[in-house]
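*Asks:* Encoded as structure tokens, here's the structure I'll be asking about.
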Amino acid sequence: MSLAAPAALFLALLAIPIIVFYILKIRLRRVPVSTVIFWQQIFEEKQPRSIWQHLRHLLSLLVQLLFLMLLVFALGQPFFNWEILAARRLVLVVDNSASMNATDAVPTRLDAAKKIGRDLISGLRFRDELAIVAGGTEPHVVCGLSGHERTLLKALDDLPATDGPTRVGEAVALARNLIGGRSNAQVIVLTDGCFEGLEHLARAADVRIHSVGRRTNNVGITRFQVRRSLLDPTGYQILMEVANAGDDPVECRLELDLDDDVVDVVPLKLEPGGRWSQTLDKTSTSGGRLTARIDHADALSADNRAWALLPKREPLKVVLATEPNLFLEKVLEANPLVQLQVVREAPQQVPAETVLILHRMIPERIPPGPVFVIDPAAASDLWELGEPLENPIVTKQDRDSLLMTHVRLDNVVMPQAKKLTFSGHAHVLAGAVSNDPVYASIERPSGKVLVLTVNLDQGDLPLRTAFPILMTNALAWFSGAAGELREALATGAVTEVALPGNPATGAAATQAPALQLWPPGGGSPRPLPAGLAQAVIGPFDQCGVWSIAPAGSGVKSPAPAGAPTLEIACNLGNREESDLRPTEAALALVPAETLAAGWMTRPIWYYLVILAWVLAGLEWYPYQRRWIS
């Protein structure tokens, strides 16, 4: 046996004053009395009659000395060499992914895993050290190597539940880095076993896995996205997938809401292990928050709802300068997003954020801003006008351009098309066999320009379905809104976003209000960098709609009303997390009782202190009985 603090043995010198006080006799005070009859009677009753009475002072002294020696030895912190050799370095990896929120264990799988972890912490021996690592959305060290029970228990209890994916493999690698290949080191994993690679981890010599939960059926939304239509200016498309991760057939309903207004209700019949996937076409100009719900109660609620954000379609102001042309006016009026103004002369000035369509009325200089030129009748600063093209046949089309989506001009009759020679660079969207451009786009600093050289009165283009599609694509190209997709992220994802209201550079960047990332349903916001136009945020660990907004008056206060915000939808979207059926290998793993250390979990000084107080109690009882004094 050795001592960690041998200097404490000097406290044994306190035995000297104790012995002195026991040896020291008290000098009796002389007091005159009227008679000694009563003192003689007391003396006769208390005079020594046995050896025990002679030794009772000595026994009291020995008890006090033994009490002192126990405390001094405890302060010396004695330990056995085998304690150091047998000291363990343990890392507890707790899976706090979405599947651990399943309620097949009471109250959840995560709570059941924490109970096992608390038993393990309580069973640690003296000099054992344990660390806690989260194995969910973002593997990280919750508590470093420590033997302090209260610190470990608090760290374990504070480990939050998340809706993210399982990252147990990465967490085990992090745990191995913590123990660094030391002897008597081991990684203990508490998980439900619903992830790939469990069998490989179970075969590792330094890893022990305990599984919580049982084989449970579950139905969940595994994919949910929405985007604006490429054809219909008010339309949008919904991509949905629902999976039955169970051993029984399921009948349920999928309900779709757009800002609490019912969009559709789809009845579903899913076979065991089956999946249903479909794309729905709907219309809406307002946009908003799209929510999908499954009316099926099961053990995991995170995948019974999903969210997506539908971009709002803003009205587009269009000024049409043309001679009376029924086809051109009607195709623009048919677009519900177009606020059309028809003029008979080319305007000298165009309001901001307005698309100017020039039909044959060509000024010498094309005005700044977005301009769509149709059937140009004169030259301008962007092109020279040549002879008309007689019945050009379109042989070249840029099918990769959004402007040509679902547009085919190779079989369209286009007599009297204009021949143009552009003064600068122009991107040809459709060209004739003679290499003359029929439809082209020009990117200039002052605004985009489209040029269509077709004579609408002579050809049959206005009668083709390609014409309204071409016009819709052009207006979407000018406004920058064509098939917009605000992708709904999966939990655990990281994304780069443009921060609302933050200038990129300059003095305004330093004065911009601090932004915060607000989780779904409230809670503490997360700070975001100030003065940046772009930022990488995540990983997202909760399902729902996250918001980016300026900070309020306090850390947890809501964002000011009317503040610029950006919303980000986040769903579980993970078939592996929705499958709550552990493998047979996971169900046959180590029982919790074998994880505890067993006897001798406290240091030796702990037992010495207990023994000292027991001895003090034993000494107190005979003293009260007057057996010793």
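The values are calculated or read from the model by the stated rules, or taken from the named source; none is laboratory data. In this text the structure is predicted, and so the values were computed from the model without any measurement. No Cβ is skipped: glycine too gets one built from the backbone with ideal geometry, and neighbour counts run over all protein chains shown.
*Asks:* (1) under 27 Å from Asn217 (Cβ atoms); (2) free of Cβ contacts under 8 Å to residues at least 24 places away in the same chain; (3) over 24 Å from the mean Cα position of the chain (by Cα): which one isn't true of Ile116, the others all being true?
*Replies:* (2)
*Asks:* Only residues that are farther than 19 Å from Arg109 by Cβ and of a type in the set (Lys, Arg): list them for the stretch 152-184, please.
*Replies:* Lys154, Arg176, Arg182, listed by residue number.
*Asks:* Further, regarding this structure: For Leu403, only one of the following conditions fails: (1) closer than 20 Å to Pro468 by Cβ; (2) in a loop (DSSP other than H, G, I, E, B). What is its number?
*Replies:* Against the list (1) closer than 20 Å to Pro468 by Cβ; (2) in a loop (DSSP other than H, G, I, E, B), Leu403 comes up short only on (2).
*Asks:* Kindly evaluate Asp232 against the criterion of being of a type in the set (D, E, K, R), surrounded by 15 or more Cβ atoms within 10 Å (Cβ to Cβ), touching a residue at least 24 places away in the same chain (Cβ under 8 Å) and not in a strand (DSSP E or B).
*Replies:* Here the answer is yes, as Asp232 does meet what is asked.
*Asks:* Okay, next question. Among the residues of the stretch 445-497, write down those that are of a type in the set (Val, Ile, Thr) and closer than 26 Å to Phe422 by Cβ.
*Replies:* Those that are of a type in the set (Val, Ile, Thr) and closer than 26 Å to Phe422 by Cβ: Val449, Val451, Thr453, Val454, Ile469, Thr472.
*Asks:* Can I ask one more? Can you tell me which residue is modelled with the lowest pLDDT among those in the stretch 219-240 that are small (Gly, Ala, Ser) and over 30 Å from Leu580 (Cα atoms)?
*Replies:* Restricting to residues being small (Gly, Ala, Ser) and over 30 Å from Leu580 (Cα atoms), the top hit is Ser229.
*Asks:* Check whether at least one residue in the stretch 169-191 is surrounded by 18 or more Cβ atoms within 10 Å (Cβ to Cβ) and in a loop (DSSP other than H, G, I, E, B), and report yes or no.
*Replies:* Checking the stretch 169-191: not a single residue is surrounded by 18 or more Cβ atoms within 10 Å (Cβ to Cβ) and in a loop (DSSP other than H, G, I, E, B).
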